[in-house]
Amino acid sequence: MSPKRKLFLLSRLFALLGITISIIIIAIGRGFSGPSPSIIHPPTADDLWIVGQNIHSGTILNYSLTRIGSHSSPWSSLGEHSSLIDSLVSIKFVQDEGNSTNNNKNNWKAIIRITNGTTPRISRQDTVLLSKQQLINAVPIDQGFAPYYEPIESSILEIRDIALGEAKYLVIGAEWNSITVGVTTIPAKILAQEKIQTKAGIFSSYILSYTIGSKASRIWISHDVPLPIKADVYNAQSQLQYSYELVGKKL
């Protein structure tokens, strides 16, 4: 029996059992690794991760960040001309109460403070309105703050583009997205699970990875944190595009 025929028959079988096609694709097309989950014990809703999940009013995430502005991203065109070197980025989420004519509780007011790591040290702070769904920009960014915000948007917040605005499985073998380079399609998928130690603590994480040059880009994601914990991302020339790590948090 051909692989295509086997996939069709198994799809029909699992559909009758109430198992989604996406799980079948992970299990057959990409494969599970490790003893669990498996084709017999597929992932559940508990294995899903959503950008911005579990944020509460008062949540604070502090990162160290280097973003090289001259390196364009395969996921978006943001931030190509701005850099942050050895900077500290603090993001505090506060409930948006709107105003007398616009009582909007579907957004977060993200108070973002950036301190560069170069001399002289310069700090900038502004409030950005982000939707509670996927942390998408709810209003245009102030032009004076945009050169500082764009490097964050195309690094720490770039996970929004990679996740395609959807819940994604934190399961080894799960494909999140793909990049087309010439005639080649390169998957971005969960390749491993590991405990990672940072200044913010020790986390059980999953590594989302893809390779478009000679160096593999890796992003560490945990169920316990609403944004990635760490990333080392390279461009097609194997040059560092951005690197960040969580150094403090209040959840």
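The values are calculated or read from the model by the stated rules, or taken from the named source; none is laboratory data. Note that the coordinates shown come from a computational prediction; the quantities given were computed from them, not determined experimentally. With ideal geometry, Cβ positions are generated from the backbone for all residues, glycine too; neighbour counts draw on all protein chains shown. With ligands, DNA and RNA removed, areas are computed over all heavy atoms of the protein, side chains included. Shrake-Rupley method; radii C 1.70, N 1.55, O 1.52, S 1.80 Å.
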Within the accessible area of segment 162-221 (1.4 Å probe), percent carbon and sulfur:
49
Taking only the alpha-carbon atoms of segment 132-251, what semi-axes of the equivalent ellipsoid follow from 5 times the gyration tensor eigenvalues under a square root, in whole Å, largest first?
22, 20, 15
Gyration tensor (alpha-carbon) shape descriptor, segment 41-176, a/c threshold 1.5
oblate
Direction-averaged shadow area of the convex hull around the Cα atoms of segment 123-166, nm²?
3.2
So, with points 7 Å from each Cα along the Cβ direction, the Leu129-Thr180 label distance in nm works out to 3.6
How large is log10 I(q)/I(0) at q = 0.15 Å⁻¹ when the Debye formula is applied to the Cα atoms of segment 105-198, each weighted equally and without solvent?
-0.83
Accessible area per residue of segment 204-248 at 1.4 Å probe, in Å²?
31
Using a 1.4 angstrom probe, figure out how much accessible area segment 134-202 has per residue, in square angstrom, rounded to the nearest whole.
46
Just order 58-71, 120-133 by mean Cβ neighbour count inside 10 Å, highest at the front, would you?
58-71, 120-133
With 18 Å as the limit, write out which pairs from Lys109/Lys132; Lys168/Lys189; Lys92/Lys195; Lys92/Lys249 have Cα-Cα distances beyond it, or answer none.
Lys92/Lys195
Roll a 1.4 angstrom probe over the protein heavy atoms and tell me the percent of accessible area of segment 102-159 that is carbon or sulfur.
47
What do you get for trypsin sites (Lys or Arg not before Pro) in segment 183-251 restricted to DSSP loop and a cutoff of at most 14 other Cβ within 10 Å of the site's Cβ?
Lys199
Mean Cβ neighbour count within 10 Å, used as a protection proxy, ranking 167-174, 86-93 highest first:
167-174, 86-93
